[in-house]
C-alpha cells in the first residue's frame with residue numbers, strides 16, 4: 001500500500017487561535033480512516049484543507065503528490081461531503097445531476113438505489129428537506145461519486161439509527177467492490193469502530209492518537225471490585241482512570257489481560273471488562289488535556 | 001459488528017467463529033468458506049479485517065485457497081481443531097471449575113457427581 005494523503009507539520013491559525021497545531025500523518029490508499037475528536041478539535045478544518053477548500057498556515061498537505069488547493073485534476077477525483085452542506089435553490093434530482101457532471105466515475109444506478117433506500121423525494125427542493133434527508137442526500141452523492149478520495153465530515157446529522165445503518169452497510173459494500181480512500185470524521189465512534197482500518201484522534205488541534213483500530217482493541221480494561229483487591233490486582237499497571245464508590249472502585253488500566261490474569265481476577269471476585277474504542281479515544285483526548293494543563297502551569 | 005466483543009482483535013474473533021463452525025460441523029470439510037466480502041457485510045467490519053481472519057485460518061491449515069474460486073475447508077481441519085481443543089480443555093474449563101468448587105467447599109466426589117448429573121440431563125453418554 002502507498003500513502004495517498006500526506007499531511008506534514010500542518011498548522012492552521014485563525015486570529016491567534018490555533019485550529020490545527022503541527023499535525024503529521026499519512027493515509028494509505030484503499031483504506032477507511034476514522035477522524036475522531038470532540039467538537040472544535042479541528043476535524044472539519046483538517047478535512048477542508050485536505051479537500052483544498054482552505055489553506056494551511058504552515059506545513060504541507062499533498063494528495064497523490066499534488067497540492068489539493070491548486071490541483072484541478074485532483075478535485076475531480078475527490079468528493080467532500082460536509083455536515084452543513086449548503087445547496088443552491090434546486091431540487092434533489094437536479095442536485096444529483098450536477099454532482100454526476102462533476103464526478104467522472106458517477107454511478108447513477110447506485111444513486112437511484114440509495115435514493116430509494118433513504119426514501120428521498122427527488123422532486124422536493126433541497127432547502128425544504130429535513131436535516132436528516134439533507135444528510136442522506138450528501139451520503140448518496142458521497143457514495144455514488146465513487147471518487148478515489150472520499151471525505152465525509154460528520155455526514156449523518158439528523159439521521160436515525162436505521163438510516164445510519166444503511167449508510168454503514170452501503171459504505172462497506174461499495175468499498176468492498178470499489179476500494180477507495182475514505183476519510184470519515186465522526187462522533188459515533190463505537191458505531192463505526194468495525195469499519196475503520198485506522199483512527200486519528202484530534203484534540204485541541206493536536207493529533208493525540210494515530211493507530212490501527214485492531215491495535216486499540218483491548219488497549220484498556222476496566223477492573224471493578226473491592227478497593228483493596230482492585231489495587232492489588234492492578235499493581236504495576238498504568239492506571240488511566242479511577243472511580244471509587246464507597247468500598248468499591250472501578251479502575252481503567254492500559255492493556256489487555258490473558259487467561260491467567262482472568263482466572264486470578266475471577267478468584268479475587270473482580271470483574272474485568274474490555275473498554276470500547278470510544279472509551280480509549282476519550283482517554284487519549286483527556287490525557288492530552290491534562291498534559292496541556294500541566295504544560296500551561298509549568 | 002454482529003455479536004463480536006470489544007477485547008479481542010476482530011480478525012482473531014472472525015477466525016475463531018469460523019473455527020467453531022468447522023469444529024461443530026456446520027462448515028463441512030471441502031465446503032466453501034465465506035468470502036472476505038461476505039464476512040465483511042455480515043459482521044459489518046472492514047474487508048481488510050475479514051481477510052486477515054481468513055489468512056489466519058489458511059496459516060493454520062484449516063482453510064485452503066483455490067485460485068479464482070475461493071477458500072475451502074481443508075480435509076482434516078475438523079480433527080485438527082478438535083484435537084487442539086481437547087488439549088486446551090483442562091486449562092480453559094476444568095481448572096477454573098475446580099478452583100471455584102474448592103472455594104465453595106465442594107469436594108471432588110461431589111463435583112464428579114454434579115458432572116454426571118449434568119451429563120445425563122444433557123443426554124450425554126455416561127461412560
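Structure notes:
- Test item: B:8-16 mean partner chain Cβ contacts at 10 Å: 3
- Each label was represented as a point 7 Å from its Cα along the Cα-to-Cβ direction; for residue B:35 and residue A:162 these points are 3.0 nm apart.
- Considering every alpha-carbon pair of region A:1-154, the percent of pairs per 5 Å bin, from zero through the bin containing the longest distance, is 2, 9, 17, 20, 19, 14, 11, 6, 2, 0.
- Of B:89, B:72, B:11, the one that fluctuates the most in a GNM where chain B has Cα springs shorter than 10 Å: B:89
- DSSP beta bridges confined to the protein assembly as shown are antiparallel in about 70 percent of cases.
- Listed from fewest to most Cβ neighbours within 10 Å, the set A:126, A:223 follows the order A:126, A:223.
- With Cα atoms, 0 to 90° folded angle of helix A:277-297 axis to chain A main axis: 80 degrees
- Cut-off 15 Å (backbone N to label point 7 Å along Cα→Cβ of residue A:178), residues of region A:75-98: A:76-80, A:97
- Region A:226-247-region A:174-207 distance, computed between alpha-carbon centres (Å): 33 Å
- Note on the protein assembly as shown: Rg/Rh from Cα positions, Kirkwood definition for Rh, rounded to two decimals, is 1.04.
- Relative to the longest principal axis of the Cα atoms of chain A, helix A:161-177 runs at roughly 80 degrees.
- If R0 is taken as 35 Å, the Cβ-Cβ distance between residue B:24 and residue A:260 corresponds to a FRET efficiency of 0.80.
- Full-extension gain in nm, residue A:90 to residue A:215, via 0.36 nm per residue minus C-alpha separation: 40.4 nm
- With contributions of -39500 (n - 2.57) from each DSSP H run of at least four residues, the per-residue ellipticity at 222 nm computed over chain A stands at -11000 deg cm²/dmol.
- Residue-averaged beta-carbon neighbours from other chains (10 angstrom radius) around A:273-282: 2
- Relative contact order (%) - criterion: Cα under 8 Å, at least six apart; region: chain A: 19 percent
- Cβ crowding within 10 Å averaged over residues, with A:149-161, A:12-24 ranked highest first: A:149-161, A:12-24
- For region B:10-75, the relative contact order is 40 percent, taking Cα pairs closer than 8 Å that sit 6 or more residues apart in sequence and dividing their mean separation by the residue count.
- Computed over region B:10-75, the P(r) curve from all C-alpha pair distances, binned at 5 Å from the origin, holds 4, 21, 31, 28, 14, 2 percent per bin.
- C-alpha long axis of helix B:77-89 to longest principal axis of chain B, angle in °: 40 degrees
- Computed E for residue A:273/residue B:67 - FRET, C-beta separation, R0 51 angstrom, nearest 0.05: 0.75
- With contacts taken as Cα pairs under 8 Å at a separation of at least 6 residues, region A:4-117 carries a relative contact order of 22 percent.
- Square roots of five times the Cα gyration tensor eigenvalues for region B:78-121, Å: 24, 14, 6
- Residue A:55/residue A:286 FRET efficiency (R0 30 Å; Cβ-Cβ; nearest 0.05): 0.45
- Across peptide B:43-55, the mean count of Cβ atoms from other chains lying within 10 Å of each residue's own Cβ comes to 5.
No lab work stands behind these numbers, since they all come straight from the coordinates. This is a predicted model, so every value here is computed, not measured. Please note: Cβ atoms are built from the backbone with ideal geometry, for glycine as well, and neighbour counts cover all protein chains shown.
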